[in-house]
1. Out of A:Pro556, A:Pro567, I need the residue that is open to solvent by 30 Å² or more (accessible area, probe 1.4 Å) and out of contact with any strand residue (DSSP E or B) (no Cβ under 6 Å at 6 or more places or on another chain). Which one?
2. Residues that are surrounded by 15 or more Cβ atoms within 10 Å (Cβ to Cβ), more than 11 Å from every other protein chain (Cβ to nearest Cβ) and in a helix (DSSP H, G or I): does the stretch B:147-155 have at least one?
3. Starting from residues that are over 27 Å from A:Pro699 (Cβ atoms) and among the small types (Gly, Ala, Ser), keep the ones in the stretch A:173-220 and report whichever is surrounded by the fewest Cβ atoms within 10 Å (Cβ to Cβ).
4. Name, by its number, the condition in (1) more than 25 Å from A:Lys74 (Cα to Cα); (2) within 14 Å of chain B (Cβ to nearest Cβ); (3) buried (at least 22 other Cβ atoms within 10 Å of the Cβ) that does not hold for A:Gly704.
5. State all residues of the stretch A:495-506 that are open to solvent by 10 Å² or more (accessible area, probe 1.4 Å) and touching a strand residue (DSSP E or B) at 6+ places or on another chain (Cβ under 7 Å); if no residue qualifies, say none.
6. Tell me whether the stretch A:101-111 contains one or more residues that are closer than 17 Å to A:Ala82 by Cα, of a type in the set (Lys, Arg) and either within 14 Å of chain B (Cβ to nearest Cβ) or surrounded by 17 or more Cβ atoms within 10 Å (Cβ to Cβ) (or both).
7. Which condition from (1) within 14 Å of another protein chain (Cβ to nearest Cβ); (2) in contact with a helix residue (DSSP H, G or I) (Cβ under 7 Å, 6 or more places away or on another chain) is the one that A:Asp437 breaks?
8. Anything in the stretch A:583-613 that is surrounded by fewer than 22 Cβ atoms within 10 Å (Cβ to Cβ) and aromatic (Phe, Trp, Tyr)? List them, or say none.
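The values are calculated or read from the model by the stated rules, or taken from the named source; none is laboratory data. Remember, it's a predicted structure, so these values are computed and weren't measured experimentally. FYI the Cβ positions are ideal-geometry reconstructions off the backbone, even for glycines, and counts take in every protein chain you see. Only protein heavy atoms, including side chains, enter the accessible area calculation; ligands, DNA and RNA are left aside. Shrake-Rupley method; radii C 1.70, N 1.55, O 1.52, S 1.80 Å.
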Amino acid sequence: MRADMTALSTDRRVVLKAMLAAGGTLAFDIQIAAAQGAKPNGAASARISAYVAIAADNTVSITSKNPEIGQGVKAMLPMLIAEELDVAWASVKVEQAVADQSRFGEQFAGGSMTTPMNWMPMRQAGATARAMIVAAAAKQWGVPAAELSTSAGEVIHAATKRRAPYAALAAAAAKEAVPDVASLNLKDPATFAIIGKPVRGPDTPAIVAGKPLFGVDAVLPGMVHAALLTAPVRGATLKSHDAAKALALPGVRKVVALRQLGHDDAPVDALAVVADSWWTASEACKLLVAQWDNGGRDKHSDAAFAGAAKAAFAGKPATSVRKEGDVDAALAKAAKVVSAQYSYPFLAHATLEPQNCTAQFKDGKLELWVPSQIPNEGKDLVAKALGLAPETVSVSVTRIGGGFGRRLQSDFMIFAAAIAREVPGVPVKLILDREEDFKLDFFRPAGFHKLDAGLDASGKLVAFSTHFVTFGAKGQPGRGGELPNDLVPANLVPDMDLGMTVLDSNVPLGWLRAPGSNALAFATQAFLDEVAGAAGKTLPIFMLGVLGAPRLVSPPKIPGVPDIWQPPAFHTGRAAAVTLEAMKMSGWKDEPVKGRGFGFYFSHLGYFAVVADCAQVDGAVRVTKMYVAGDIGSTIINPMNAEQQIRGAMIEGIGHVISGLKVPFANGQVQVANFDAYPLPRIDVVPPIAISMVRSDNPPTGLGEPALPPAVAAVANAVSSLMGKRVRSLPYEG
Amino acid sequence: MPTMLKVNGTPREVNVPGEKPLLWVLREDLGYLGPKFGCGAGLCGACTVHLDGQAIRSCITPINAVGDAAITTIEGVAASVVGKKVSEAWVDLDVPQCGYCQAGQIMSAVALLEANPSPSDADIDSAMAGNLCRCSTYHRIRDAIKQAAGGTNAR
């Protein structure tokens, strides 16, 4: 979700508009809580702000505002608050916020944005509550607030040796004026007691005990269940159907036809069976007889896409994203020119928890319980799709069984709401079965690259161009299919040309973990591995030359795009530092080592370099070891979780290259129905992974995504080295 | 037709079609929401429970195939010595990321350790390869199994 695109899609504009409102919402939020008199929350607790309530036993309830998808925010955000509130982590109880933009501002899980957007605001939220507690103590004790200190949930007046637990002051603190943000004294990072220490997920004990936490676990009194059937060809419309056999199945309540619902740019028709059991609803779906109108969408197939890309490469790109100097002239006079074509497939998100949503229409109000990465937008889209006033829709966010970007689309919320409207007063839980979950995904766009690079007589990279054939509509690339104007290494050479041609298709597109970057890293870093070879160098050493002196490289601003979504400046020094660190960790040699590959990428404000070693084990290519060096700023907020995020990204990288992940399309139909055809990495392919984080003097940024792109590149380059044959198309299939 | 099941040591009666998968009987009819639906085809392992101590995929096991076998779910697994050790190791090492697959992972791990108290890496890989973790918490799964087995953390 970086702003590395030439045009904003509708979704991004919605996110963007809301994001611009962020920042300023925190003080507002605390004002509301204070204005409401901070009513006790439960029998013996006092609410000081939307984020902090303190119980009589000095237990601190901290609200985590963003959805938890396994990225660890349910520990990370409360850690920031607890640190500045100055309480012991053991006394903290974490609560998940409902979707409420007026109180919490932005609440989405995407773009690795939770950390950069909340590092200061959440610390300020903790410091605000602390200041209010201190102010209350100062009043009660008749001493200046400046003479008071705090420690582990207690206010202390050293001179008179008085101490009071926060609990004794919380009710009074709630009535204190909310201090100005500028007046807050934030801790010196050297004194952090929680930030930077390993913290377990607050839900871990409940997960291990099998407690109901996830969307699929929602149970409401009188609840019924729904399953969905959609057309084999994505986007086909429903001509007619016969539900008699399905309705005859005992337990089936209703069959509902849904028309043109879901996403604006990929609406679907569907039949929903409502029954007293999900299993019954699912069985009944198999008895539905439906006729669909493909509307010509069955012409779309991988073969047609490849043919269209080939035709596009025969001509000029339809759009120029960025052009500097004269790349044709530079290539013409280069000592060496390297040219190659790269391609990669559509990918699915395949969250292990299938898309689901529980909805109830009652007394003119719609209530949703949903694992959504972007619940406030989902709420608005549901209201719009069903013609409801937004204030009549409320959304509770459950724990989420994997996101990876799939749940940034809200189609399943709209389906559930539309079904619930047909059974007024009755709660209904919609769960997609695995086949529908694959059919209704918004796929990581496939892509094709024609790449040319020029080297001068000394082996220096002097020219770089790509013609990128991507997917979208009406000449505009779809979600995750954009070509950024700051593509490395084009942004570092004098003569460059970034051109793009967009193919139309019926394949709905969506952001997948490190969108854009997870594919572009492969195409550019694998190609650059070839270019480095032509220059007689290994890739990391060649990269250090391309990066040059430490400096900030700012891409040109994209007209009409607000600052927050402008492509960020790229620091060559931070890139070189992680490259050097990965070389050092792995004992990188000047000469190529068979089976060893390197990849670097900058995305989501994070700099990562990866070295992968691979070998043939029992006839199959296996990654045997990975080394990761990363720079996400000054602080690793929760090292316990950071290690998991990076390992997960490495293993996902292995999946993109050698596990065989791809979603083929034929006759407009998704050719993957279940995990047997989508072989995600399992425990037996997992190598040891060494991690080293380079600390730089920058505010901390997110970790859910930026380690993935270079992992894809490093594994691809390792396989090329091992097999002695360049991997130019993913997945590697031998 | 009523069917008698024994879940986590407690006899339970259900009146559902015999071909209804055990997963959905547990989740919908008996209120055990720990076992999860992932694929409906025995491919991901999220629904793993024990039948007489053997790890099975409850999403493809009709209840008429259960007979009088003792069913253990994640909710009851910590009642055994091995189950308790595994659960504690899982919390101690903070294995879950999203957490959705973990009930199934723990059930497979407990079945492994009941049969093989000192598994090698290869034993662990072979016993756990049927359980998908989309977040890829596999390193900590290995570590937790070894910790529960009483060994040291190799990685």
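1. A:Pro556
2. Yes; the residues of the stretch B:147-155 include at least one that is surrounded by 15 or more Cβ atoms within 10 Å (Cβ to Cβ), more than 11 Å from every other protein chain (Cβ to nearest Cβ) and in a helix (DSSP H, G or I).
3. That would be A:Ala177.
4. (1)
5. Within the stretch A:495-506, A:Asp495, A:Asp497, A:Thr501, A:Val502, A:Leu503, A:Asp504, A:Ser505 meet the criteria.
6. No - not one qualifying residue is present in the stretch A:101-111.
7. All conditions pass for A:Asp437, except number (2).
8. The one that is surrounded by fewer than 22 Cβ atoms within 10 Å (Cβ to Cβ) and aromatic (Phe, Trp, Tyr): A:Trp588.
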